[in-house]
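For reference, the structure is listed below as structure tokens.
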Amino acid sequence: MEDIDKITKEVNIHNKIISLSEKFETNVGTLGSKLSGGEKQRLLLARSFIKNSDIILLDEPTSNLDNHNESLIMDFIHRMKKNKTILITAHR
């Protein structure tokens with residue numbers, strides 16, 4: 001649970017999760033239908049890093065995020081790349 005708390009804070013989704021009725025056990029609907037696009041994206045990023053795979057592929061990982069959250073996520077990804085291979089595609 002310590003890693004989950006740390007990573008969800010890093011990708012700025014922790015406060016949203018703890019505000020939900022059942023915290024980390026809350027049903028967020030089919031394919032996250034009860035979340036905004038940015039919340040889904042941050043939640044999926046957190047899940048990919050919690051799994052702690054050696055290789056992570058990210059396709060447009062910040063496309064639904066505002067500038068502030070995009071900056072937080074990219075800083076986090078850059079810190080995490082020391083321990084794993086991360087491939088990112090972006091269409092800018």
*Considering only lysines 8 or more places apart in sequence, or on different chains, count the pairs in the chain whose C-alpha atoms sit under 21 Å apart.*
24
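Helix-only estimate, please: 222 nm mean residue ellipticity of the chain, summing -39500 (n - 2.57) across DSSP H runs of length 4 or more and dividing by its residues, to the nearest 500.
The helix-only estimate for the chain comes to -14000 deg cm²/dmol at 222 nm.
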*asked:* Taking the beta-carbon count within 10 Å as an exposure proxy, list HIS68, HIS14, HIS91 from fewest neighbours to most.
replied: HIS91, HIS68, HIS14
*Select from THR89, ASN64, THR30 the residue farthest towards the positive end of the dipole of the chain; place +1 on Cβ of Lys and Arg, -1 on Cβ of Asp and Glu, and compute about the Cα centre.*
THR89
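Using Cβ contacts closer than 10 Å as the measure, can you line up SER48, SER53 from fewest to most? Walk me through the intermediate numbers first.
On the way: SER48 18, SER53 12.
With the sparsest Cβ surroundings first, the list reads SER53, SER48.
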*What's the FRET efficiency of LYS84 with SER21 using the Cβ-Cβ distance as r and R₀ = 41 Å, to the nearest 0.05?*
0.75
*Name the most mobile residue of GLU70, GLU39, GLU22, meaning the one with the largest mean-square fluctuation, in a Gaussian network model of the chain with Cα contacts below 10 Å.*
GLU22
*Helix 37-50 versus the longest principal axis of the chain: what angle, 0 to 90°, nearest 10, using Cα atoms?*
70
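Any read-out appearing in this document is the output of simple, stated calculations on the displayed coordinates, not a laboratory observation. This is a predicted model, so every value here is computed, not measured. Neighbour counts are summed over all protein chains in view; Cβ atoms, including those assigned to glycine, are modelled from backbone coordinates with ideal geometry.
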